[in-house]
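Structure first, commentary second.
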Amino acid sequence: MSPAKQNSLTIVTDSFRAGMRLGVAVSGGADSVALLRRMAELAPELGLVLTVLHVHHGIRGAEADADAVFVQQLAEGLGLRFLRHDVDTISRSKAQRETVEESARKLRYAWFEDLLARRELDAVATAHTLDDQAETVLQKLLRGAWTEGLAGIFPVVELPGGLVLRPFLGTRRSEIESWLNEIGQVWCEDSTNADAAYTRNRIRQHLIPILAEYNPQIVSQLGHVATIARDEDVYWQKELERILPSLLLPGKAVRGGGRASSTRPDEASVGMEVEKLRALSPAIRRRVLRGAAEQVGSPLNFDQTELLMAMCAKAGTREMLTSRVRAERTPRELRLVREAPQPVAETPSEYDVPIPGEVTATSFGFRLIASTNGDSEPPSVKHLGKLRCHKAGDRVRLRYTSGLKRTKEVLERLNVSSEQRKTWPVLEWKGEIVWFRDAEVESDAGNEAGLRIAVEDLP
């Protein structure tokens, strides 16, 4: 790396080249303001043509309006072109059932990608810091990420139209704020950064300070974890590209030799010879199984992967990994099959459930009321849940048990008849089943929000 320094503020310049048209993403916060000031200083030396990019997410009212004005004035004061992009984050969050942070990030990067694809820019620089990296690694770890998740934020991301660069990824936030104070540069404070409703804020404000009591260098150490995981994942991706073609058998074996594949685009299947899988070390076998699942469009979590690992040792088993992907174990092969989507039953209906809030689910015969510890929080942090029937492939974590259980097993324990199972209700929220009728459920999303569910039967 080639860092450029001024008053101890480091910025990595490896990926910049003379003549590059660089968009600098500036929210108005300390990190992005410092990035813009440093890039403006280095631009003549590096031969860069800068454009200031600002996204107005439409979620903080007058505060966000003031940020946009601040960034525009800063750009004009530096003699730089300014582009503003307004988006409706709340509408997307509701429509896509995403968190507000997820929707804001996706909308932001969609604009960056569009600017790159239209060749208006060659690269976009964002102001992610070492602190952001540490918070991301911890957040991914808490969610059960594999090594690709622990890789965190990449310093360089290649997109079809150009690059996304993170020149501050090795720099601490405290260094940045100290430098801004030294040069007398003000910045904007985002009030949502103090809102404990957001997981990342709680990690920053509470978890990292606790971990720092055990290791004052925890932020740097988590940055090292990300670097190691990133290099490990690059290595494994190349290994999988090398070995997967010799292990994966498309379609299904047929009598007399050969293989048959479905001609329907929404169906797919892939097989693997069990003896070849058994010959692999557990580390490689897990990677192969996850790579095979991706071939049929089904990324696997840890429990699903371990289920396939166990199936390698037992012929005659059949499991639903998701609502559309099943695994079959024959004497010779382990097959993954993506089935065509089944027609959606007209009844019972699916219902969007505001959380906190309530819904009258007529087709289920009850009213469901969801409350949280944050019932007074603004609408921008509410998310819609989905009240629906349980389906094959669903998994749920029961209270006082470890690991996820298939809903099929839970229904068997509850002695629910096969006919009743077809319409057994569950509430899905933030990618987890947070309520399952007649069962006590544990979920990260529910625990985090203090979610409570009440059901009242309709007359």
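The values are calculated or read from the model by the stated rules, or taken from the named source; none is laboratory data. A quick note: this is a predicted structure, and the numbers were derived from the prediction, not measured. Reconstructed Cβ throughout: ideal geometry from the backbone, glycine too, with neighbour counts over all protein chains shown.
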(message) Checking the structure you have, find out if any residue of segment 312-330 is small (Gly, Ala, Ser), without any contact (Cβ under 8 Å) to a residue 60 or more places away in the chain and in a strand (DSSP E or B).
(response) yes
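Okay, residues lined up against (1) at pLDDT 90 or above; (2) over 25 Å from ARG397 (Cα atoms); (3) touching a Lys or Arg at 6+ places or on another chain (Cβ under 7 Å):
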site	(1), (2), (3)
GLN295	no, yes, no
PRO299	no, no, no
GLN304	no, no, no
MET309	yes, no, yes
ALA313	no, yes, no
ARG324	no, no, yes
ARG329	yes, yes, yes
LEU334	yes, yes, no
GLU346	no, yes, no
(request) Determine if segment 197-204 includes at least one residue that is surrounded by 14 or more Cβ atoms within 10 Å (Cβ to Cβ), under 22 Å from the mean Cα position of the chain (by Cα), among the β-branched types (Val, Ile, Thr) and in the same structural domain as ALA40 (by TED's automatic domain parsing). (result) yes
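Name the single residue that is modelled with the highest pLDDT among those in segment 392-430 being among the polar types (S, T, N, Q) and surrounded by fewer than 18 Cβ atoms within 10 Å (Cβ to Cβ).
Step one: of segment 392-430, the residues among the polar types (S, T, N, Q) are 401-402, 407, 415, 417-418, 420, 423.
Filter again for surrounded by fewer than 18 Cβ atoms within 10 Å (Cβ to Cβ), leaving 401-402, 415, 417-418, 420, 423.
On the way: THR401: 72, SER402: 68, ASN415: 76, SER417: 76, SER418: 73, GLN420: 79, THR423: 85.
The qualifying residue modelled with the highest pLDDT is THR423.
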(message) I need every pair where a residue in segment 215-235 that is assigned by TED's automatic domain parsing to the domain that holds ALA134 has its Cβ under 8 Å from the Cβ of a residue that is modelled with pLDDT of 95 or more and of a type in the set (Asp, Glu), sequence separation at least 6 or different chains.
(response) VAL219/ASP131
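In the same structural domain as LEU308 (by TED's automatic domain parsing) and at pLDDT 85 or above, is that true of GLU358?
Numbers: in the same structural domain as LEU308 (by TED's automatic domain parsing): no; at pLDDT 85 or above: yes.
Considered against the rule, which asks whether it is in the same structural domain as LEU308 (by TED's automatic domain parsing) and at pLDDT 85 or above, GLU358 comes out as no.
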(message) Residue pairs, Cβ under 6 Å, 6 or more apart or interchain, first in segment 440-459 and closer than 12 Å to TRP429 by Cα, second of a type in the set (S, T, N, Q). List them.
(response) ALA449/THR372; LEU451/THR372
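Can you spot a residue in segment 58-76 that is touching a strand residue (DSSP E or B) at 6+ places or on another chain (Cβ under 7 Å), closer than 14 Å to VAL124 by Cα, at pLDDT 95 or above and surrounded by 15 or more Cβ atoms within 10 Å (Cβ to Cβ)?
So far as segment 58-76 goes, no, none of its residues is touching a strand residue (DSSP E or B) at 6+ places or on another chain (Cβ under 7 Å), closer than 14 Å to VAL124 by Cα, at pLDDT 95 or above and surrounded by 15 or more Cβ atoms within 10 Å (Cβ to Cβ).
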(request) Working only within segment 121-167, note down all residues that are surrounded by fewer than 20 Cβ atoms within 10 Å (Cβ to Cβ) and polar (S, T, N, Q). (result) GLN139, THR147
(request) Kindly provide the set of residues from segment 134-165 that are over 20 Å from ARG204 (Cα atoms) and either in contact with a Ser or Thr (Cβ under 7 Å, 6 or more places away or on another chain) or hydrophobic (A, V, I, L, M, F, W, C) (or both), ordered by number. (result) TRP146, VAL156, VAL157, LEU159, LEU163, VAL164, LEU165
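Rundown of residues vs (1) touching a Pro at 6+ places or on another chain (Cβ under 9 Å); (2) in contact (Cβ under 8 Å) with a residue 24 or more places away in the chain; (3) under 30 Å from LEU115 (Cα atoms), yes/no style:
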| site | (1), (2), (3) |
| --- | --- |
| ARG143 | no, yes, no |
| THR147 | no, yes, no |
| LEU165 | yes, yes, yes |
| GLU182 | no, yes, no |
| GLU189 | no, yes, yes |
| TYR198 | no, yes, yes |
| HIS206 | no, no, no |
(request) Could you pull out the residue among ARG118, ARG105 that is free of Cβ contacts under 8 Å to residues at least 12 places away in the same chain and either surrounded by fewer than 16 Cβ atoms within 10 Å (Cβ to Cβ) or among the aromatic types (Phe, Trp, Tyr) (or both)? (result) ARG105
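Assess whether ASP352 counts as being under 30 Å from GLY446 (Cβ atoms) and part of a strand (DSSP E or B).
Details: under 30 Å from GLY446 (Cβ atoms): yes; part of a strand (DSSP E or B): yes.
The answer is yes for ASP352.
Of the residues in segment 140-186, how many are of a type in the set (A, V, I, L, M, F, W, C) and within 18 Å of THR129 (Cα to Cα)?
Residues of segment 140-186 that are of a type in the set (A, V, I, L, M, F, W, C), as a first pass: 141-142, 145-146, 150-151, 153-154, 156-157, 159, 163-165, 168-169, 176, 179-180, 183, 186.
Subset that is within 18 Å of THR129 (Cα to Cα): 150-151, 153-154, 156-157, 163-165, 168-169, 176, 179-180.
Matching residues across segment 140-186 total 14.
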(request) Out of ALA62, ALA66, report the one residue that is assigned by TED's automatic domain parsing to the domain that holds SER191 and either in contact (Cβ under 8 Å) with a residue 40 or more places away in the chain or not in a helix (DSSP H, G or I) (or both). (result) ALA66
(message) Among the residues of segment 266-289, are any outside any strand (DSSP E or B) and modelled with pLDDT under 90?
(response) yes
